[in-house]
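The values are calculated or read from the model by the stated rules, or taken from the named source; none is laboratory data. This is a predicted model, so every value here is computed, not measured. FYI the Cβ positions are ideal-geometry reconstructions off the backbone, even for glycines, and counts take in every protein chain you see.
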């Protein structure tokens, strides 16, 4: 009998002695052991055997189905992106939504600008930070650049001055560039000031 | 029971190694039953997860292809170092940025309020929301300080919106601005009712984002 990787039909014959099936039985146990060791605390660990040390979600070609009483988390390739984590709630057609969206990283501060971003489930990106407004030396409109420039639709914006006491600025989204909205003009809401004041901002967009 | 990979021994009578083989099957069933539906699940869904307990790991998993990784590892915050759930997706745009794991969770949320709420954002950020109200003293600007709980490492953004109007002949919303005072406090300021001597009630809603 030639041993192969995993053969559930072992021993093959009721009359087999262990001398015949021993290698395959051992290989089956070894394969179970090795397979279980992926993502899990080892079968022979002194503690926590069966718990997970990582979960590797291999990309699935299609949405994963769910029954009532189940929710699902899985990975699927997203066009123009990469493998992203998805959720699906109970019962087909339970709503599927994209959970992860982009690689979060630190944006270096620029002159007069501190910018950050994160994302929300549903392929939304949240830009936030603060910028230095207009001054006597530099009056006029401030152009705020969204970084990373992957916003396909701006769906919410809020601004608040961080200098005493000023009017909240007004904003205008500049035309898209190659399908992405990358810049927002920020200006005085009253028209009587030099331009927008120093402000905090939060902008939510679809990607 | 102990799992013994190199059983059975060759040539021995089955009654010698049978207990050890049974022990292996039993051990596998017991261990597999942690986090997973039992091997004998009556609904034929053995292997599905019932829960997922992560043992915290150190460092970052290596390169990821055609997959996403979920795992727990220590994360630093103002509250101390605690394991948090992280995700690592495959490298993609921008190509010059390190493909680092992203922190998904934080160890507490506040959804009780009623004047302050708190949750978390992916990437190691906390988001706080709330409201504050009172009566403005006549002719005195409002300056009211908000203390974020739990205390974050650094407040990045503090945005307030007035919900009140002054008593001019054409009532206008209060002006408003914010100032970050330190890692956990910011102040909402407004001229409120200006120089008018009338006392008015004020209310501001606000949102702040901070690093954990």
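Structural remarks
- Some residue of the stretch B:94-107 being more than 27 Å from residue A:124 (Cα to Cα) and more than 12 Å from every other protein chain (Cβ to nearest Cβ): no
- Among the candidates B:16, B:4, residue that is more than 7 Å from chain A (Cβ to nearest Cβ), touching a helix residue (DSSP H, G or I) at 6+ places or on another chain (Cβ under 9 Å), in a helix (DSSP H, G or I) and at pLDDT below 90: B:16
- Considering the conditions (1) within 27 Å of residue A:169 (Cβ to Cβ); (2) within 13 Å of another protein chain (Cβ to nearest Cβ), residue B:171 is excluded by exactly one of them, (2).
- Total residues in the stretch A:35-69, condition within 9 Å of chain B (Cβ to nearest Cβ) and assigned to a helix (DSSP H, G or I): 1
- Residues that are within 29 Å of residue A:201 (Cα to Cα) and in a strand (DSSP E or B), drawn from the stretch A:70-84: A:84
- The sole residue among B:57, B:89 that is crowded, with 18+ Cβ neighbours inside 10 Å and touching a strand residue (DSSP E or B) at 6+ places or on another chain (Cβ under 6 Å) is B:89.
- Odd one out for residue B:85 among (1) within 11 Å of chain A (Cβ to nearest Cβ); (2) assigned to a loop (DSSP other than H, G, I, E, B): (2)
- Of all residues in the stretch B:62-82, those that are at the interface with chain A (Cβ under 9 Å from one of its Cβ atoms) and farther than 14 Å from residue A:54 by Cβ total 2.
- Scope the stretch A:98-131; condition surrounded by fewer than 16 Cβ atoms within 10 Å (Cβ to Cβ) and within 10 Å of the chain's Cα centre (by Cα); matching residues: A:120, A:121, A:122
- Checked against the criteria, residue A:161 does not count as in contact with a strand residue (DSSP E or B) (Cβ under 8 Å, 6 or more places away or on another chain), farther than 26 Å from residue B:189 by Cα and within 11 Å of chain B (Cβ to nearest Cβ).
- Residues in the stretch B:25-44 that are modelled with pLDDT under 85 and either farther than 30 Å from residue A:67 by Cβ or within 10 Å of chain A (Cβ to nearest Cβ) (or both): B:25 alone.
- Residues of the stretch B:25-47 include at least one that is in contact with a strand residue (DSSP E or B) (Cβ under 8 Å, 6 or more places away or on another chain), under 30 Å from residue A:25 (Cα atoms) and surrounded by fewer than 16 Cβ atoms within 10 Å (Cβ to Cβ).
- Candidates B:209, B:127, B:111, B:155, filtered to the one that is exposed (fewer than 15 other Cβ atoms within 10 Å of the Cβ) and closer than 28 Å to residue B:74 by Cβ: B:111
- Among the candidates A:90, A:95, A:137, A:81, the residue that is buried (at least 18 other Cβ atoms within 10 Å of the Cβ), free of Cβ contacts under 8 Å to residues at least 40 places away in the same chain and over 18 Å from residue A:183 (Cα atoms) is uniquely A:81.
- Within the stretch B:175-202, the residues that satisfy the criterion of being more than 10 Å from every other protein chain (Cβ to nearest Cβ) and within 24 Å of residue A:129 (Cα to Cα) are B:181, B:182, B:183, B:184, B:185.
- Close Cβ contacts (under 8 Å, 6 or more residues apart or on different chains) running from residues in the stretch A:183-194 that are under 17 Å from residue B:173 (Cβ atoms) to residues that are part of a strand (DSSP E or B) comprise A:188/A:170; A:189/A:170.
- Complete set of residues in the stretch A:145-157 that are under 25 Å from residue B:174 (Cβ atoms) and at pLDDT below 95: none
- Each residue in the stretch A:186-207 was checked for being within 28 Å of residue B:191 (Cα to Cα) and surrounded by fewer than 16 Cβ atoms within 10 Å (Cβ to Cβ), and 4 pass.
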